[in-house]
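What follows is a short report on a single structure.
The values are calculated or read from the model by the stated rules, or taken from the named source; none is laboratory data. Computed from a predicted model, the values in this text were never measured in an experiment. Cβ placement follows ideal geometry from the backbone for every residue including glycine, while neighbour counts extend to all protein chains displayed. We work out accessible area using only protein heavy atoms, side chains counted, and drop any ligands, DNA or RNA first. Shrake-Rupley method; radii C 1.70, N 1.55, O 1.52, S 1.80 Å.
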There are 2 protein chains.
Amino acid sequence: MDCAAFPMHPKMDEQLARTFAANEEEEERHIQKVQNAFLYYGPYACQRLKRSVDYLNSLSAEDQIMLAKYRGHLECVRTCIDRNQAVIREILRERVLYPPEETGENPSAGRWEFDEPPPNVRHGDMDQAQSTLKLIARDWSTDGALEREQSYKPIIDSIVEYYKPGDYELKEIKILVPGAGLGRLTYELACLGYSCEGNEFSYFMLIASNFVLNLCDYENKYVLYPWVHQYVNNLRREDQVTAVRFPDVCPLKNPPKGHFEIAAGDFLEVYKTPNAYNCVATCFFIDCANNVIDFIRTIYKILVPGGIWVNLGPLLYHYSDVSGQNSIEPTFEDLCIIMESVGFVIEKSRTGIRTKYAQNPSSMKQSEYQSLFWVCRKPDPFEEQRGKRKASREPHDLIVREDSEEEVEQQQQQQERAEKHPEQEQQQLKLQATSNDETEMEAQPT
Amino acid sequence: MDCAAFPMHPKMDEQLARTFAANEEEEERHIQKVQNAFLYYGPYACQRLKRSVDYLNSLSAEDQIMLAKYRGHLECVRTCIDRNQAVIREILRERVLYPPEETGENPSAGRWEFDEPPPNVRHGDMDQAQSTLKLIARDWSTDGALEREQSYKPIIDSIVEYYKPGDYELKEIKILVPGAGLGRLTYELACLGYSCEGNEFSYFMLIASNFVLNLCDYENKYVLYPWVHQYVNNLRREDQVTAVRFPDVCPLKNPPKGHFEIAAGDFLEVYKTPNAYNCVATCFFIDCANNVIDFIRTIYKILVPGGIWVNLGPLLYHYSDVSGQNSIEPTFEDLCIIMESVGFVIEKSRTGIRTKYAQNPSSMKQSEYQSLFWVCRKPDPFEEQRGKRKASREPHDLIVREDSEEEVEQQQQQQERAEKHPEQEQQQLKLQATSNDETEMEAQPT
């Protein structure tokens, strides 16, 4: 494969990482910026806190008496910020990528904390440092179990349904998870025995996932306060300072059955090899593109014929209102047209999947996505001739087209045919997967 | 009353408005800025649209073919923006406050639209212009009925329970609604016969409510597209361009039974007369303060002894992260301490009231507040001696205090006593209300 991937599980080889770094000066500067943002986490959060404390101190004595418990609470918030910073220090402790002591570029880079904003670090970077704590809670704490059930289970269930453990040598089934974040979905799939690769662009995520996957040595070793930056919509003071332990599972002690790696880099840049994966699983990912068609086309290209793309998430379109960024925002209706035009067969499609994303469960404000879910298949010309696989196709959910009634009827007939010959159908799947693996092997460039 | 109030229903007197304006040069500039923001609505919204169209035009021919329906949709979005601007022109048509032709200060002020940003208008102002359209849908369309039911009904029900139509001369019961917004809650209370005054600070709201309350001459005369600025999380293209008709009720044709007026101005500046209102009703309002204690103290002061404060909403604390603004963010726990310290008796208190706020019902992202609701009473020293009114007090919801069990027991005993003597209780209420009105009359300064 021609991608700039490096394994992060098991622990990344230090020499390899430095070699990787040496080639990419800009990349090095970028990682240094992310590390600086992590190191500036505490001072930045305390600045915000200080604004409230200063205002509180300026109020009348009478007001301050009524706010005595609130003042005590703000002291507690400060303690939580300090503890979060201590965990972040741990996360950065084994910075095998670019130990700042050795970069020589930035004299302050070796310090653990900054009194003033580090160079090039913006508010958006600080937001990301804070979000990373929330995403650790989502991916690697028992508190995140409900969100993971909502977001990951439909994807895992579909993959298990298509590539059934009894029918396949799972280690032969190659799954790519673009936008892998903190790696939990990729890890869970690898635990089932599949051969899994996560891809992630953000070094906030990569540094934190490296810590959880490679450096945490027992369950629930660390405590974070992921909601400490939410000053509003709190019922009780304790809601802001709730402690969350992580990791709920220790990957070091529970290595996955299947191959497992996390590759750093831009999805569109890294993945150019055709017919490389049996499955691509995207979760809260496809709306991170300037032009979603580029993602869909790349997914199609890298799948083996007969391979599946499983997707879950909303259409938030992250670049929609980011100044200086291009963005189009096709609706689900448009995406269906695009997916079919690119060549996919939409096998399953659901709307309204209730999914929360890094939500404080105690907050008075609750947001959730009515997510989309679909399974698409890259047709296998050999199989299409025999007209078999279409049988499992389900009607699109909620999308009304002129031909929909007729189509639903056809689909029902196909479904009935499939139900009459389940063994034949299953056999078909198995054959296809075997031939896919061969195709993949042949297509691998040096 | 010493407030800078002017009646906006029935139609505001033009001469009065100009006199009001003449005293306040800064106010005039502010209103001109709001009008400019409304006039710049269309060009601003089209700039955003143009970014997507330009990027679409830059894509490959192949991509553009897949996006043909999406391109048509963007044309439709443009039409909706134009139609929204036409309604805004209507809203500004009878600008009795400060006809820009007469200000002479800004040469471009008399034009309906701007090609470039008008002076002093910022992105935040444009967001407010767009929000105003959503709030018209919330307050004055059948599409907003569910949100109004969630937010206004608990308040209205509680007021009717305390000031029962059979027991009172309702026109003697004076209700203030601070943060009246587009005026629907105030209007509904006035329709029941109460004497109602809304207070509103934002001229975006004041200009729009003046239009709905005084200038719309029949039901559902106008069409708006309140969700046209939401490019993301759309299932269907039509979800972005859904039409909403307003007003669902025409206040001109259905004038309220009770007195009804909207007063412009800052709540803390305008309302300084003690013992002036039998009831203060706040909905999504108290978190708009720098220091919420100032609001609570003012509400206490302006209520007659025995009067009630009914509140519903979250604790979003609008100034929490606004640079240059002071803010403290007490939790609900802290607010209970503050309300009791100020002197209120908390009669009812509920948490977790599900309330949406200006939400596009078709969006894939759905947010809702688990709002707080409470009824507080300003004690009447005369009544307190006789120890009667405490009987209706309910236990606080979800707030655990050390003395809570004992307190709940006391409350249950009080409840039982009250249930045994309902007539006496009701008579008490009536007497109190009468005396309140008298107090109020006496306390009015010139």
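What the table shows:
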| read-out | value |
| --- | --- |
| Chain-alone versus full-assembly comparison, the range A:214-248, residues with accessible loss of at least 30 Å² (1.4 Å probe) | A:Tyr231, A:Val232, A:Asn233, A:Asn234, A:Leu235, A:Arg236, A:Arg237 |
| Simple label model, 7 Å out from Cα along Cβ direction - A:Asn57 to B:Lys253, nm | 6.1 |
| The range B:122-218: chymotrypsin sites (Phe, Trp or Tyr not before Pro) falling in loop per DSSP and having at most 14 other Cβ within 10 Å | B:Tyr218 |
| Karplus (6.51, -1.76, 1.60) ³J(HN,Hα), θ = phi - 60°, over the range B:305-316, in Hz, Gly and Pro reported as x | x, x, x, 10, 10, 10, 10, 9, x, x, 10, 6 |
| Those residues of the range A:35-65 for which accessible area with every protein chain present is at least 10 Å² below the isolated value (1.4 Å probe) | A:Arg48, A:Arg51, A:Ser52, A:Tyr55, A:Leu59, A:Glu62, A:Asp63 |
| Entries of A:Lys69/B:Lys174; A:Lys164/A:Lys348; A:Lys171/A:Lys378; A:Lys301/A:Lys348; B:Lys134/B:Lys221; B:Lys174/B:Lys348 with Cα pairs more than 27 Å apart | A:Lys69/B:Lys174 |
| Spin-label model distance (nm) - B:Asp266 vs B:Glu219, 7 Å beyond Cα toward Cβ | 4.2 |
| Of the trypsin sites (Lys or Arg not before Pro) in the range A:263-338, those whose Cβ has at most 15 other Cβ within 10 Å and which sit in DSSP loop | A:Lys272 |
| ³J(HN,Hα), Karplus 6.51/-1.76/1.60, whole Hz, each residue of the range A:197-214, x for Gly, Pro | 10, x, 10, 9, 9, 7, 6, 4, 5, 5, 5, 5, 6, 4, 5, 5, 6, 10 |
| Of all accessible heavy-atom area on the range A:225-337, the percent that carbon and sulfur account for (1.4 Å) | 48 |
| Under-5 Å amide H pairs with A:Ile262, H placed in peptide plane, nonlocal only | A:Met8, A:His9, A:Gly198 |
| Over the range A:344-384, relative contact order from alpha-carbon pairs under 8 Å, at least 6 apart, % | 53 |
| Residue (of B:Thr355, B:Met339, B:Ile328) at the positive-pole extreme of the range B:326-365, dipole from beta-carbon charges | B:Thr355 |
| Summed buried accessible surface, chains A and B, 1.4 Å probe, nearest 100 Å² | 5000 |
